[in-house]
Amino acid sequence: MRVAFVSLETVHHRETETNARLRALADALVDRGHDVHVFCARWWDGEHPRFDKDGISYHGVAASTGARSSFLARLPFAIRTVNPDVVHASATPPFQALPATWGGMLAGVPTVLEWYDGVADGRWAERAATSPELVVTPSRLVSTWVREAGADGSRVDVVPNPIDAELVRRVDPAEPTEVVYAGRLDESANLESPLLALAELRDREWSATVVGDGPERRSYERLASDVRIDDRVRFVGEADRRERLAVYRGAHVFVQTARRCVFPTELLWGLAAGCVGVVEYHADSSAHELVEGFDRGFRTTTERELTDAIVAAGELERRTYDERFERFDERAVYGRYVETYRGLCERYG
């Protein structure tokens, strides 16, 4: 298939979760023999309108991410030139969704909108929610936001972030630890919740590892010291995927407490690596979706419940792999995209 991606900004401009998800999908399609074109602002040197890299053809519809007007005006006609089978646009920013859909109409093909993040107020978000044939979100939480913006629920699908199940099995576990937390240590990380919960368990034997870095790391390290558990909590900072997996496979319990999370990617890796999942519920987090109905998962709403859940989770057997999460393997997830494209093309044609 020939897929035309639309994203004014790419990972070559700025590394974000939204851009990374779209790039991973594009790479996966290339690996499976599909023809991938990305319509974006130029990020390469020179004024060449097209640049090929890693099997992907990038089309510079605008000179920079600031040239929004020219991007919107040229986009529909640029899409038509590659004769795609399907158009796949990012909803970030939402104003590009409508001209992307027009491009699909000119080419006579369906448009899929990838809505990974939140929904901003305004007419562009409303138009984006209602213009494509299908909106893809990473979680039920984001699907709810999109439907509230006006999308038809029958045209919204949930496709999670994928994992590499084979990689999980290959990585050797690190030294054992009872509790692990992983994520960017910013204002929404809410690491204070597990730290305070663990402080209530000083009379028990445990150790904890915090993976990740961010502007609030020093504050969290001071909190661990203030509640006298800094000798048991190890802050390891940033780590690559293999290093994270080694920690997860050596850990017993993965605690997810961030206040905002459109998809709990690290929690998913942790569950696949055998961790028991303990999730603190927040209105702007979808983490609880992964542990609902899961016999090795706990959902909490208060600090007391969080402490009790950590204790209860510690009573369950240790594992280093859970095959039930193979349904999130990248082969299955990216295969869903291809089947979705084909189904839309059949109905559209």
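Taking θ as phi - 60° and the Karplus parameters 6.51, -1.76 and 1.60, the scalar couplings of segment 274-284 work out to x, 5, 7, x, 10, 10, 8, 6, 9, 4, 9 Hz in sequence order, x denoting glycine and proline.
Return the FRET efficiency for the residue pair residue 222, residue 331: r is the Cβ-Cβ distance, R0 is 51 Å, and the value is rounded to the nearest 0.05. Walk me through the intermediate numbers first.
Details: r = 44 Å, r/R0 = 0.86.
E(calc), rounded to 0.05, equals 0.70.
Legend: ranking of residues 48, 252 from fewest to most surrounding C-beta atoms inside 10 Å; resulting order 48, 252. Put a dot 7 Å past the Cα of residue 236, heading toward its Cβ, do the same for residue 148, and the two dots end up 3.6 nm apart.
Quick check: from the Cα gyration tensor, does segment 165-326 come out rounded (a/c under 1.5), prolate or oblate?
rounded
Per residue, the average separation of C-alpha pairs within less than 8 Å and at least 6 apart gives the chain a relative contact order of 13 percent. Taking θ as phi - 60° and the Karplus parameters 6.51, -1.76 and 1.60, the scalar couplings of segment 231-243 work out to 6, 10, 10, 10, 9, 9, x, 5, 8, 7, 4, 5, 5 Hz in sequence order, x denoting glycine and proline.
The separation of segment 42-70 from segment 163-238, counted between C-alpha centres, amounts to 41 Å.
Helical runs (DSSP H, four residues minimum) scored at -39500 (n - 2.57) apiece and divided by the length of the chain put the mean residue ellipticity at 222 nm at -11500 deg cm²/dmol. Phi-derived couplings, Karplus 6.51 cos²θ - 1.76 cosθ + 1.60 at θ = phi - 60°, listed residue by residue for segment 304-310: 5, 5, 5, 4, 5, 5, 4 Hz, with x used for Gly and Pro.
What you get for segment 191-349, charging only the Cβ of Lys and Arg (+1) and of Asp and Glu (-1), is a dipole of about 340 debye around the Cα centre. Just checking the listed ones, 278, 255, 333: in the Gaussian network model of the chain with Cα springs under 10 Å, the one fluctuating most is 333.
Summarising the amide proton neighbourhood of residue 161: residues at separation of 5 or more, or on other chains, whose placed amide H is nearer than 5 Å comprise an empty set. Pairs of Cα atoms nearer than 8 Å and 6+ residues apart set the relative contact order; for segment 165-326 it is 26 percent.
Which residue fluctuates the most in the chain, going by a Gaussian network model with Cα springs under 10 Å, if the choices are 46, 293, 277? Ranking 46, 293, 277 by mean-square fluctuation puts 46 first.
Each reported figure results from applying straightforward, stated rules to the coordinates on display, with no laboratory input. Source: prediction; values computed, not measured. Using ideal geometry, Cβ is built from the backbone for each residue, glycine included, and neighbour counts are taken over all protein chains shown.
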